[in-house]
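Q: One structure is given below, represented as structure tokens, and several questions about it will come after.
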Amino acid sequence: MNYVIIGNGPAGVIAAETLRQSDPQDSIVLIGDELEPPYSRMAIPYLLMGDIQEAGTYLRKDANHFRNLNIELLVARADKVDPTNKKVFLNNGKTVNYDKLLIASGSRPVAPPITGMNLPGIYPCWTMEDSRHIMKLAKKGARVLQMGAGFIGCIILEALASRGVELIVVEMGNRMVPRMMTEGAGGLIKKWCEKKGVKVFTSTKVEAIEKSGNSANPLKVKLSNGESLTVGLVISATGVRPNTEFLKGSGIVTDVGIKVDETMQTNVPGVYAAGDVAQAQEFYTGAQMVNAIQPNAADQARIAALNMAGKSARSQGTMAINVLNTLGLISSSFGQWMGVAGGDHTELVDEDNFRYMHLEFKDDILVGATSLGLTQHVGVIRGLIQGKIRLGEWKDLLLKDPTRIMEAYLARTQGSNFKFAA
Amino acid sequence: MAWHKQVLRVNLSKGTCKAEPLNMKWVQDYLGQRGLATKYLVEEIDPKVDPLSPDNKMIFVTGPLTGTMASTGGRYSVVTKGPLTGAVACSNSGGYFGAELKMAGWDMIIFEGKSPKPVYLLIQNEKAELLPAENFIWGKSTWDTEELLKKKHQDPLIRVSSIGRAGENKVLFAAIVNDLHRAAGRSGVGAVMGSKNLKAVAVRGTKGVTVANPKEFMKATIAAKKVLADSAVTGQGLPKFGTQVLMNVINEIGASPTRNHRDVQFEGASKISAEAMHEKRPTDGKANLVTNQACFGCTIACGRISKIDETHWTVKNKPEYWGASGGLEYEAAWALGNDNGVDDLEALTYANFICNEDGMDPITFGATVAAAMELYEMGVITEKDTGIKAPFGSAEALCKFTEWTAHGEGFGKILGLGSKRMCEKYGHPELSMTVKGQEFPAYDSRGIQGMGLAYATSNRGACHLRGYTVASEVMGIPVKTDPLTTDGKAGLVKAFQDATAVVDSTGLCVFTTFAWTLNDIQPQLQTACEGDWSLEKLNLVGERIWNMEREFNNAAGFTAKDDTLPKRLLTEAAKTGPAKGKVNELGKMLPEYYKLRGWTPDGVPTKETRQRLGL
Amino acid sequence: MQRSLLINPDICTGCLQCEMACSFEHFGMINPSKSVIKVFEFHHDGRKVPYTCTQCAEAWCLHACPVEAIVINKETGAKVILEDVCVGCKVCTIACPFGTVNYNHDSGKVMKCDLCGGDPACALACPTGAITYVDSDWTGLERMRQWAAKTDSRPKAQA
Ligand SMILES: Cc1cc2nc3c(=O)[nH]c(=O)nc-3n(C[C@H](O)[C@H](O)[C@H](O)COP(=O)(O)OP(=O)(O)OC[C@H]3O[C@@H](n4cnc5c(N)ncnc54)[C@H](O)[C@@H]3O)c2cc1C
Ligand code: SF4
Ligand code: SF4
């Protein structure tokens, strides 16, 4: 069998390894268009913080890892896929043939439609290359404006703050991390950031960026609230979009991302997709969604690879699970954190100490959660949601005191023949 | 290290919390926990102070082995001047709270003054703050308090030590309860906490505890744990039966005070014994006992966890009491049961739950009810006073009295004074079965002579935990002596008192001494602590602590006259059992005891003694 | 033969010797808050339940880790955190559906059960036999019974 994988991020790498596990002989080609060895975007913040060197971001630490596994790494961009003839065309003029293809090309940042985005000193924070630019400009004392305080934005914030820059954050939504956190939690995160000396504008847009004429802070950023700020670096973290352009005309159906079924197969037999680029069924709603997070990339890659290798594995549906460290305040969110029709919820807030817990139920099943400050045994929230564990009388107890989630989990799972299924 | 060398000083009047270094010089002389905190107390307060005034201080203290892997190393004590006795009060508790305080980096907390408004202390490692308790946990039981604090601070692992309504109402035998059913129980330490408007101490500690010589310490603790496991008492009897293992034993030797010490054997003992707790009830087919439970680090696990029969009249319409909770220990079973002639196991369990829930010492409470029942039977008080028919044997009266005292209602307000003040009020001080104002525990000194001396000379009033010669006189630990004679008892009492003072200062549980001697404890201390902790030094520490406590009491106004027993025990002979015809012969033991202690005939440490001990 | 931790909550007394032993083994100090085995208490039923990673076959934590900081120990089968590789992103803590990877605030890294390299300190420290380290294929009911009888030599208060 001849496997080709487009994209060498976590999804691509895990899929390649899973394929290798099922057969030592098959040919596996892993194509990536970045110059570095396969690395993890997620580790970039820790690179910015100086906790690790570039090598610390590499997905596999052993330099011979891929060679030892006989996985061929190709540095090139796939420009076109021809499913009829089972070929992938590369930007270096070469083509590769495949028997089965996995598309794991991830996503990339979208620049907001404002004037001045092409000026020097404006970067997304997405690739290793981006991070090198940022590290050059984000020196101690520099003024940095970050557009967007979404999930990724909040993670970068931590890294930037640790570099000792003066930070300004501008977010369109009415709170921080609006697409992952409840009002209560997002509001508290904003309060926390302000307490830590970060200037935060919510419900505010960047309208334009111009040259300021000031050599230390060459950029002038105009905000929708009328203010103008001069800064040395603008980081654009306003959202990402799946890398699907090269599939135009291939017949592989895309919507926001590449549409896949529960085996991660696209509409074209033998062609699969996984990770940030895939649009798969959501666990609870069943609606198709792109779930651009690391654990999803890992799960989907394994399922795709197992199916490609002829084994059967089905996704239960993808679920958003996030954990964030915003300047030391740890938050997490799971599944239908915003609640579902006909469901009910409980919320416990300790504003002074930045503790927060919000659980969403449908009947006696947990469907979503948001927390601040919870770091022990958090995973059981995933276990409860994805295991669709009936909480019975424990739900009433959780409504009264959501912090007893671990007890509820143990009570409802230990001793029975509970098994958490994928 | 075994000590964090950190004291938290909380001034409730000013609302301040300050860290200060632990006096390591005193540590060398007084070790920790009981000894060390008492040293602080005697140095810092006027012995004549009114225990419930702001000038009294209250100290929560751990020992060097608290929070370590030494078996039972989870204890803490509350040291203050006790309102029940006016003597030094030192009440020791297990559970998890003490270890948590240690994990947070504190050896002790000194509370001084009085808060203008009800507050609680929250400790999260080095962070300590006083927070308002009003409209939150004030007025709540200890159980609700713990639950509400964990919820408010969103941490199920917070450990809480608090007073219930009894402490708020300054019931003179109010306890401080931690972990739902462990208590610093005796001498009214809870009333002192209440008088300071301090509702609770909530602690979460993540700093941990280190020891001086980890490898050797592990070896020493493993060896010592084996001794506990191999002993019939700590390895078999206590885990299976709890301290209740004693109910039948003590009754058989005719040393079970019954109906306010009128009798020395209780005909209903077998119905409320450890064995009875194991028996399946005819009503629901379940046993009263659910399981045993350990305190932090304890490899004995003597704790009782019980469930009351849901159909029993005490809880029929109260599902909130259907869950498992702290069941009967021997002292509580005896005080609520034998001493009142009540043999209804479920009713006793209920009364015990309430004592835990609102923080009362079941020994003093039970014994006070016993005195009230005797007054009632004598016609001194009537249903008009008590609000319910209250003859000996009435489980109903006992349970009502428990609720009323816990909640500060009706006759409960009078019971809340303890038996001494109550009996004085009704003109019969002789009916109060107390020494220095504190009620006896479950051993009648007519049948166990040495205990008479131990009670009479105990520094915190009548108490079994200051010198438990029962071990020798009944169980033969470390050697068997005859419970009916006074020979050698003075020396025995002194030895037990001094050794116990050491154990109480380590962070370990005194129950280990059913199997351990100081020879087993010393290597654990030596490897955990910096400095020299030889046996000789420990023996001296024990004696020093005892004499320091004695001197405080003397300065508080106690004299040799107070080293006595109620008339009943000295003049009314035991009616049945092996001790039939016997009274306690305190007079035969006391002079010898004073001599052995190096005290004057008036019970005052001589100059030589003081010098020898470095006082 | 690979072995695993077998936990019998029925005979756990809640002494926390396992938690102390765990923290002592990994951090050289007694600090239950850093233990990766935790005893949960169910007051209402008087039950104590020790709980830790079962070294599950799916290894959600390992697969979710973006930097290969979780690896399998070939001898014990344990999924082990490499502290110097871990960046502290905490993704594993939300990925493990059993909640058995925890964040360590002091180190900024995560912690989980590593079976102590094949000689689990918790099992050694447990005084009642509630935690034992047994052959992984000891799952047959009869064997379980034998095992229970063997460890039940110690008296227990359960009526
Ligand atoms: C700063 C930052 C912080 C993050 N933090 C978190 C976090 O805390 N938690 C979390 O869950 N997620 C986080 N993420 C998201 C996470 O990194 C992604 O979800 C994950 O990387 C997705 O993996 P993937 O393999 O699907 O895609 P990617 O990692 O994007 O890998 C895709 C690879 O394919 C390459 N490629 C694309 N198109 C082509 C082509 N046509 N030909 C060849 N190669 C191509 C890309 O260049 C890339 O190298 C973070 C991301 C960033 C940038
Ligand atoms: S930590 Fe969780 S996911 Fe990882 S091996 Fe253990 S149980 Fe499995
Ligand atoms: S916290 Fe450490 S071990 Fe866990 S996923 Fe992140 S890098 Fe890996």
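Only the coordinates and a few stated rules stand behind these numbers; no lab work does. The shown structure was predicted, so the numbers you read here are calculated from the model rather than taken from an experiment. As a convention, Cβ positions derive from the backbone with ideal geometry for all residues, glycine included, and neighbour counts pool all protein chains shown.
Q: Taking the Cα centre of the protein assembly as shown as origin, sum charge times position over the Cβ atoms of Lys and Arg (+1) and Asp and Glu (-1), and report the length of that vector in debye to the nearest 20.
A: Working: 132 positive and 128 negative charges, 292 e Å.
Dipole size: approximately 1400 debye.
Q: With charges only on Cβ, +1 for K and R and -1 for D and E, what is the dipole size of chain B about its Cα centre, in debye, rounded to 20? Show your work: numbers first, answer last.
A: Numbers: 72 positive and 69 negative charges, 199 e Å.
My answer is approximately 960 debye.
Q: Tally the DSSP beta bridges in the protein assembly as shown and give the antiparallel ones as a percent, rounded to 5.
A: The antiparallel fraction comes to roughly 70 percent.
Q: Given B:114/B:170; A:388/C:90; B:280/B:307; A:400/B:150; B:57/B:152; B:57/B:170, which pairs have Cα atoms separated by over 19 Å?
A: Values: B:114/B:170 14 Å; A:388/C:90 23 Å; B:280/B:307 12 Å; A:400/B:150 12 Å; B:57/B:152 28 Å; B:57/B:170 16 Å.
Over 19 Å apart, Cα to Cα: A:388/C:90; B:57/B:152.
Q: Sticking with this structure for a sec: So what is the relative contact order of segment B:439-613, in percent, for Cα pairs below 8 Å that sit 6 or more residues apart? Numbers along the way, then the final one.
A: On the way: 229 pairs, mean separation 44.4, N = 175.
Once normalised by length, the contact order is 25 percent.
Q: With θ taken as phi - 60° and the coefficients 6.51, -1.76 and 1.60, list the Karplus ³J(HN,Hα) couplings across segment C:42-55 in order, rounded to whole Hz; mark glycine and proline as x.
A: Karplus-based 3J(HN,Hα) across segment C:42-55 equals 10, 3, 4, 10, x, 9, 10, 10, x, 8, 7, 4, 8, 6 Hz.
Q: Place +1 on the Cβ of every Lys and Arg and -1 on the Cβ of every Asp and Glu in segment C:3-150, take the dipole about the Cα centre, and give the residue among C:127, C:9, C:117 whose Cα lies farthest towards its positive end.
A: Toward the positive end, the furthest listed residue is C:9.
Q: Is the shape of segment B:6-204 rounded, prolate or oblate, going by the alpha carbon gyration tensor and its root eigenvalues a ≥ b ≥ c, with a/c under 1.5 for rounded and a/b larger than b/c for prolate?
A: Values: a/c = 1.39, a/b = 1.08, b/c = 1.28.
Rounded, since a/c falls under 1.5.
Q: Also, I was wondering about something else. With n ≥ 4 as the cut-off for DSSP H runs, can you work out [θ] at 222 nm for chain A, using -39500 (n - 2.57) per run divided by the number of residues, rounded to the nearest 500?
A: Details: 10 runs with 97 residues, N = 422.
Using -39500 (n - 2.57) per qualifying helix, the result is -6500 deg cm²/dmol.
Q: Okay, moving on. Please report the antiparallel percentage of DSSP beta bridges with both residues in segment A:122-236, rounded to the nearest 5.
A: On the way: 9 of 24 bridges.
Among the beta bridges of segment A:122-236, antiparallel pairing accounts for roughly 40 percent.
Q: Name the residues of segment B:187-210 whose amide N is less than 16 Å from a point 7 angstrom out from the Cα of residue B:13 along the C-beta direction?
A: B:195-198
Q: Return the distance in nm (one decimal) between the two label points of a simple spin-label model at residue A:316 and residue A:128, each offset 7 Å from Cα along Cα→Cβ.
A: 3.5 nm
Q: Given the pairs B:127/B:240; B:39/B:413; B:196/B:436; B:199/C:112; A:140/A:205, which span a C-alpha to C-alpha distance of over 29 angstrom in this model? Don't skip to the answer; put the middle values down first.
A: Numbers: B:127/B:240 41 Å; B:39/B:413 34 Å; B:196/B:436 24 Å; B:199/C:112 37 Å; A:140/A:205 26 Å.
Violating the 29 Å Cα-Cα cut-off are B:127/B:240; B:39/B:413; B:199/C:112.
Q: How much of the DSSP bridge set in segment B:6-204 is antiparallel, in percent, rounded to the nearest 5? Don't skip to the end; give the middle numbers.
A: Working: 36 of 47 bridges.
Antiparallel bridges make up about 75 percent of those DSSP assigns within segment B:6-204.
Q: Let me know the shape class of chain B, please: from the alpha-carbon gyration tensor, a ≥ b ≥ c as square roots of the eigenvalues, rounded when a/c is under 1.5, otherwise prolate if a/b is greater than b/c, or oblate.
A: Values: a/c = 1.31, a/b = 1.11, b/c = 1.18.
Since a/c stays below 1.5, the shape of chain B is classed as rounded.
Q: How far, in nm, would the chain grow between residue B:49 and residue B:384 when pulled straight, counting 0.36 nm per residue and subtracting the alpha carbon separation?
A: On the way: separation 335, 0.36 × 335 = 120.60 nm, distance 3.64 nm.
Result for the pair: 117.0 nm of gain on full extension.
Q: Given a Förster distance of 45 angstrom, what is the FRET efficiency for residue A:400 paired with residue B:607, based on the Cβ-Cβ distance and rounded to 0.05? Write out the running numbers ahead of the final one.
A: On the way: r = 64 Å, r/R0 = 1.42.
With R0 = 45 Å, the Cβ-Cβ based efficiency is 0.10.
Q: For the pair residue C:136/residue A:53, report the inter-label distance in nm, with labels modelled 7 Å from Cα in the Cβ direction.
A: Calculated label separation equals 3.6 nm.
Q: What is the distance in Å between the Cα centres of segment A:195-211 and segment B:360-411?
A: Computed from Cα coordinates, the inter-centre distance equals 71 Å.
Q: Now, a different point. What residues qualify as long-range amide H neighbours of residue A:201, i.e. H under 5 Å apart, gap of 5 or more or another chain, H built at 1.01 Å from N?
A: Long-range HN contacts for residue A:201: A:169, A:170, A:171.
Q: Which whole-number percent is the relative contact order of segment B:73-155 (Cα, under 8 Å, 6+ apart)?
A: Details: 76 pairs, mean separation 14.4, N = 83.
Computed value for segment B:73-155: 17 percent relative contact order.
Q: Tell me, what HN-Hα J-couplings in whole Hz come from the Karplus equation 6.51 cos²θ - 1.76 cosθ + 1.60 at θ = phi - 60° for each residue of segment B:148-160, using x for Gly and Pro?
A: Taking θ as phi minus 60°, the curve returns 5, 5, 4, 5, 4, 8, 6, 8, x, 9, 5, 9, 10 Hz for segment B:148-160.
Q: Okay, moving on. Let a ≥ b ≥ c be the square roots of the eigenvalues of the Cα gyration tensor of segment B:439-613; is it rounded (a/c under 1.5), or, if not, prolate (a/b larger than b/c) or oblate?
A: Oblate shape, in that a/c is at least 1.5 and b/c is the bigger or equal ratio.
Q: Taking the Cα centre of segment A:328-417 as the origin, how large is its charge dipole in debye, to the nearest 20, when only Lys and Arg (+1) and Asp and Glu (-1) carry charge on their Cβ atoms? Mind dumping the intermediate values first?
A: On the way: 9 positive and 12 negative charges, 88 e Å.
Dipole size: approximately 420 debye.
Q: Ok, one more. Would you pull out the residues with amide H under 5 Å of residue B:75's amide H, same chain only if 5 or more places away, H placed 1.01 Å from N?
A: Residues meeting the criterion, in which the H sits 1.01 Å from N, are B:67.
Q: Ok, one more. So what is the 222 nm mean residue ellipticity for chain B from helices alone, if each DSSP H run of at least 4 adds -39500 (n - 2.57) and you divide by all residues, rounding to the nearest 500 deg cm²/dmol? It would help to have the intermediate numbers written out before the result.
A: Working: 25 runs with 231 residues, N = 615.
After summing the helix terms and dividing by residue count, I get -10500 deg cm²/dmol.
Q: What is the spin-label model distance, in nm, from residue B:236 to residue A:87 if the labels are put 7 Å beyond Cα along the C-beta direction?
A: The answer from the label model is 8.7 nm.
Q: Using the Karplus curve 6.51 cos²θ - 1.76 cosθ + 1.60 with θ = phi - 60°, what ³J(HN,Hα) values do you get for each residue of segment B:471-483, in whole Hz, with x for Gly and Pro?
A: For segment B:471-483, the Karplus-derived couplings read 3, 7, 6, 10, 9, x, 10, x, 9, 7, 10, 7, x Hz, x marking Gly and Pro.
Q: Net charge within 12 Å of residue B:137 by Cβ-Cβ distance, Lys/Arg positive one each and Asp/Glu negative one each, not counting residue B:137 itself? Don't skip to the answer; put the middle values down first.
A: On the way: positive: B:140, B:150, B:151, B:152, B:165, B:199; negative: B:134, B:144, B:146, B:147, B:168.
Local net charge: +1.
Q: Moving on. Which residues' amide hydrogens lie under 5 Å from the amide hydrogen of residue C:80, considering only partners 5 or more residues apart or on another chain, with H built in the peptide plane?
A: C:71, C:72, C:73
Q: Let me check I've understood the local charge: for residue B:438, count other residues with C-beta under 10 angstrom from its C-beta, Lys and Arg +1, Asp and Glu -1. What total comes out? Intermediate results must be reported in sequence, preceding the final value.
A: Details: positive: B:186, B:420, B:436, B:460; negative: B:361, B:439.
Here the charged neighbours net out to +2.
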